[in-house]
Structures are given as structure tokens and as C-alpha cells.
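What follows draws every value from the coordinates through simple rules; no lab data is involved. Computed from a predicted structure; not experimentally measured. So basically every Cβ, Gly included, is an ideal-geometry build from the backbone, and we count neighbours across all protein chains shown.
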């Protein structure tokens, strides 16, 4: 799944062996996002809310976190 984070960058999040792996996507490259840990028990339908909580300081009135 890919998520636009307030129009600033894109994260790709995949479930591997019961845990979430997070990558920052851009320029045709995918790099691990080491500073973000997502709880294993967090269901996929709560990812947007979790990302909003984590990155709230990047928020702007006209921007949202959204699944691409």
C-alpha cells in the first residue's frame, strides 16, 4: 500500500511475516524508513489514522494523509 503524507512524500507499507515494513518511495528508489515503527497488531484499515498521528506536524489545512 502506498500513502501520500500531506503532499510531502510517499510511504510504501507492506506486511511481511506478520509485521509492517515501511519504505520511503521517490525518484524510482525505495528506501527503508527506519524512523517509523508501526505496531504489528495495527490493522491495515487504521494505517491512515496512525500516519496522521505520527506526522501531524507536517499537516496543512489543505493537505491530508491519503492512500494512493
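Select one label from [x] 93, 34, 12; [y] 36, 27, 21; [z] 28, 26, 24: the one whose number is Cα extents along the principal axes in Å as derived from the coordinates shown. Among [x] 93, 34, 12; [y] 36, 27, 21; [z] 28, 26, 24, the one calculated here is [y]. A protection proxy built from the mean count of other Cβ atoms within 10 Å ranks the segments 35-44, 20-29, most packed first, as 20-29, 35-44. Entry note, the chain: relative contact order of 39 percent, from Cα contacts under 8 Å with a spacing of 6+ residues.
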